Amino acid sequence: MSKLTGERFRSIVVFLSFLLCIPIFLFDITMPQGAPDPVLYIVPIMIVSFYGIKRSHVLLMGLLTVALSIAGFYLARSGIGAYSASDLAFTILALITSTILGSYIVGQTVKLGRLNGELKRNNENLERTRLELEDLNRRLEENVRALNRSNEDLTNFAHLASHDLKSPLNTVSAFLQLLQHKYRGKVLDQKAEEYIDHAVRGSQHMARLIDDLLRYSSVDQGRDEGGLWT
């Protein structure tokens, strides 16, 4: 909205600068000695130079002011004979120089505006990228926190499960070993003793697996100074 308003304002200023040529022309032809009067056309040329959107505006203003200044020499009250060729040459040279300078100013202004527009778009893209990165970092932090909570819950579960599993397992293993020592070679035959041996080794192996699972689940608890898992 501000861009459209700015362009419209500049267009209005350019239009008014063209209208300004009319009173300058009337002032030029009504003055008895109007030799310096056409130099006033430099004013609308400079206005168009600083507020024009295109170089064509300045070139058109330059052609118009040169034409009006030449017409002013012929239509002035003092007549064309009151002016020397140097007056006419100086006036036209001043207007042409102002037109060239104004055209350069417009070109630089347009180029600067284009660069500013590109810089603004790049800044907007960078701002969007920054916001996207912030949102991505925020979601990543949330995922890390959720993962830490999940790992903590898993560790707590492993501790509880290992305790709950080892308690009855130790009971079974203890009673099997008691049975093995008390009745070895007395009541039980060789086959029964083999079965008891397998059951004891199996319970011991299960206990080691539970201990390994507990150590594995505690991997995120860190290491002590000696390098061992705490």
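Assorted remarks:
- Residue count for the range 7-30 under the criterion of being surrounded by 12 or more Cβ atoms within 10 Å (Cβ to Cβ) and within 35 Å of the chain's Cα centre (by Cα): the result is 2.
- Remark: pairs (first residue in the range 37-61, without any contact (Cβ under 8 Å) to a residue 12 or more places away in the chain; second residue crowded, with 18+ Cβ neighbours inside 10 Å; Cβ separation under 8 Å; 6+ apart in sequence or on different chains) are absent.
- Scanning the range 79-93 for residues that are in a helix (DSSP H, G or I) and not small (G, A, S), we see that the one that is modelled with the highest pLDDT is L93.
- Residue in the range 125-138 that is touching a residue at least 12 places away in the same chain (Cβ under 8 Å), farther than 30 Å from L40 by Cα and not assigned by TED's automatic domain parsing to the domain that holds V39 present: no
The values are calculated or read from the model by the stated rules, or taken from the named source; none is laboratory data. No experiment lies behind these values; they were computed from the predicted model shown. All Cβ positions, even for glycine, are placed from backbone atoms using ideal geometry, and neighbour counts span all protein chains on display.
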